[in-house]
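Here's the structure we're looking at; comments come further down.
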Amino acid sequence: MSDRSGSSSSRIRATGKRRKKTSRRRKATRIAVWSLAGAVVVGGAGLGYAYVHLNGNLKAVDINSALGKNRPENVDNGSEDILVLGSDSRSGANGEYGADEGAARSDTAMVVHVNKGHKTASVVSIPRDTLVTRPDCTGDVSGKPVAGQQRAMFNTAYEVGGPACAVKTVESMSGIRMDHYVEVDFTGFKKLIDKLGGVEITTTKAIDDPDSHLDLQPGTHTLDGEQSLGLVRTRHSVGDGSDLGRIQLQQAFIKALMQQVKSVGVFNGSKLYGVADTATKAITTDSDLGSVTELASFAKGLKGLGSDDVNMVTLPVQYDPADPNRVVPLEKADKQVWNALNADRAIPASATKQSAGDKGDASKIVK
């Protein structure tokens, strides 16, 4: 992980000359990343001619300042760790997915570890219903202290304290310092997929979930933004109907997204700009990634990663004996996962064998 210091501003402002254009094919391949927000992150990379406009689209949160110095050690070994959240806000255009309850939630959470050399990566999905010890934190928007809580659902960290509290909770769970934070909301995700022209998947079973507006028969489909969002949100029509089955679908979709974008080839200039414009409007990042310059540098380090280079697992959990609608971490197995990331090693297969998240057939429904 590279060494970074806190910033006193909420956004990095760009200065200096415009970036030189790179080839269109190189730009296109940079769009491929492993997560719901990953494609958004690199979509704006390398577009020097639109620098000022794209830079103005970006939103950033100064997480370093909000968290202060009481964090895990920042080890400079060339690897990087990124917390990626899918925001479940029901305000504005997202209101069609439910009533606005006055606070956003982290519907999807992934810790992305890019290994030294940036040739491979590991992704650990954290079920939103995982009961954790949420630490005391400071809300990054309000600046007010937020009291910690025992047996709190993981996604409440974001709900009560925003990105900074979510990052602190992950760091408390893992003992690993997050280098970056990336967040994308429902509406931004849909628009990005539409700009990309959809994502092709093959379903082996029918998926019918009215709650997520999804009805797919077995076969090959090119999903538009609305359908893609429905797929990564569905839970009632796959597996045991829990969040664990949904995570398996998300991971399968991400693999399909990466493979599809790698094969897109050369974008025309107007389409490439549209993708980048949509992407940079859709995300919130930490302030270290809050400019097109920093995003381009970050993306350049990831351009060699393909779907076969990314290992995706779910944090080892078991159903809570006191509440079958919640899960609790398998402490010994979790430690294996986090220790592997911290040491920049591959996650051992044995770590997830006993996990409820490693069971079921949801991952086989989409390919």
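The values are calculated or read from the model by the stated rules, or taken from the named source; none is laboratory data. Keep in mind that what you see is a predicted model, and the values were worked out from it rather than measured. Cβ: placed from backbone, ideal geometry, glycine included. Neighbour counts: every protein chain shown. Note: areas computed on protein heavy atoms with side chains; ligands, DNA, RNA excluded. Shrake-Rupley method; radii C 1.70, N 1.55, O 1.52, S 1.80 Å.
Overall, the anisotropy analysis places the stretch 293-367 in the prolate class: the square-rooted eigenvalues a ≥ b ≥ c of its C-alpha gyration tensor yield a/c not less than 1.5, with a/b exceeding b/c. Label sites at D308 and K332, each approximated as a point 7 angstrom past Cα along Cα to Cβ, lie 3.6 nm apart. Could you tell me the calculated FRET efficiency between K353 and T133, based on Cβ-Cβ distance and R0 = 35 angstrom, to the nearest 0.05? Given R0 = 35 Å and the Cβ-Cβ separation, E is 0.90. Residues whose amide H lies under 5 Å from that of A109, counting only those 5 or more places away or on a different chain, are G86, I126; hydrogens are built 1.01 Å from N in the peptide plane.
Taking 1.306 mPa s as the viscosity and 10 °C as the temperature, the Stokes-Einstein diffusion coefficient of the stretch 131-261 based on its alpha-carbon Kirkwood radius rounds to 95 µm²/s. Note on T222: accessible area approximately 80 square angstrom, rounded to 10, probe 1.4 Å, nucleic acids and ligands left out.
Put the Cα centre of the stretch 270-307 next to the Cα centre of the stretch 316-332 and the gap is 36 Å.
Note on E73: accessible area approximately 140 square angstrom, rounded to 10, probe 1.4 Å, nucleic acids and ligands left out.
Counting 0.36 nm for each residue step from T222 to Q259 and taking away their Cα separation leaves a gain of 12.0 nm. Distant-in-sequence amide contacts of D286, defined by a placed amide H-H separation under 5 Å and a gap of 5 or more residues or a different chain, comprise V61, Y181.
Surface calculation, 1.4 Å probe, protein heavy atoms: S212 sits at approximately 0 Å² accessible.
Which pairs break 18 Å Cα to Cα here: K168/K281; K255/K367; K59/K116; K205/K367?
K168/K281; K59/K116
Divided by 2.2 N^0.38 Å, where N counts the residues, the Cα radius of gyration of the stretch 162-217 comes to 1.68.
Could you tell me what percent of the accessible area of the stretch 125-264 is made up of carbon and sulfur, with a 1.4 Å probe and every protein chain present?
Of all accessible area on the stretch 125-264, carbon and sulfur atoms account for 46 percent.
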